[in-house]
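Bear in mind these aren't lab numbers, they're just calculated from the coordinates by the rules spelled out. Please read these numbers as outputs of a predicted model, since none were measured by experiment. Note that we place each Cβ from the backbone using ideal geometry, even for glycine, and neighbour counts take in every protein chain shown.
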């Protein structure tokens, strides 16, 4: 692949979707800014990238998404007020978000799909390998999911997608990989199928939105014909990549929450709240109250 010793230093976070599943909340607020407890979804995603050693975050946005850019900037008035009120810890929380990464914002002017959103990042990524993190998928793990994939990428010098095993009845919700297992957690991918019917599914290994890819993906996406809805699908670009060079799929360690779905969002909120020492016992009491036990 010719990327010897090239480290993964950049990530793309597509955040241009309309968030229709969360209307009316998303009428005026980007869905990425909806908080899990008190931390916006997008901040969890950015922190995963930063904890994986990435500094440059390329955010693919659309109109009405400027709140995301503001969130990762400094807010002098807020921070100064908190400092003067002696709320140093809150002031520090706000400042640290501004300091955590270098945010590069690129607009996807037409909603032409995830593959097209990734292609919009090419000017900022250039000829370097990079990570992609989708904002709806929160992955809770000791070693960040993206870091697990970067380690595989740098060791194997091959593009890699994160996968998880799903029940047969759920394969039709995901892009599914098929191929040859190299060890119990790593597959050499031979084909990818977007949302297959259970009887046609090549495996039960689904891609929930974590990738570390060679920059060649941009060329493959340019040669990808628009699929349904006139959209350029990332899966089709990955299919080309798998044919022309090596593509791996790694079963990452961690629990994934589908925060783009209302029940998944509630699940994530409860799980993340229970991990907070100052909230855990109160949340348990609330759950008991509502469950009447």
DSSP bridge pairs, region 10-260: antiparallel proportion in percent, nearest 5: 60
Radius of gyration and maximum dimension Dmax of the chain, Cα, Å: 19.6, 63
Most fluctuating residue given options 256, 276, 107, as computed from a GNM of the chain linking Cα atoms under 10 Å: 276
Order of 7, 216 - criterion: other Cβ atoms within 10 Å of each residue's Cβ, fewest first: 7, 216
Amide N of region 224-261 lying under 16 Å from the label point, which is placed 7 angstrom from the Cα of residue 191 along Cα→Cβ: 235-244
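Can you sort 72, 130 from fewest to most other Cβ atoms within 10 Å of each residue's own Cβ?
Working: 72 20, 130 26.
Ascending Cβ contact count within 10 Å gives the list 72, 130.
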For region 79-129, alpha-carbon Rg over 2.2 N^0.38 Å: 1.81
Dimensions (Å) - region 192-233, Cα atoms, principal axes, largest first: 32, 26, 14
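Among 112, 133, 182, 263, what is the fewest-to-most ranking by other Cβ atoms within 10 Å? Walk me through the numbers on the way to the answer.
Working: 112 17, 133 28, 182 13, 263 8.
Listed from fewest to most nearby Cβ atoms, that is 263, 182, 112, 133.
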Semi-axis lengths, Å, region 17-159, gyration tensor of Cα atoms, sqrt of 5 times eigenvalues: 27, 21, 15
Alpha-carbon Rg with Dmax, taken over region 144-293, Å: 18.4, 58
Rg/Rh for region 115-155, where both radii come from Cα atoms and Rh is the Kirkwood radius: 1.02
Candidates 231, 48, 32: whichever shows maximal mean-square fluctuation once the chain is modelled as a Gaussian network with Cα springs under 10 Å: 231
Backbone N within region 119-162 under 14 Å of label point (7 Å from residue 253 Cα along the Cβ vector): 140-149, 151-152
GNM result for the chain, Cα springs below 10 Å: residue of 85, 173, 109 fluctuating most strongly: 85
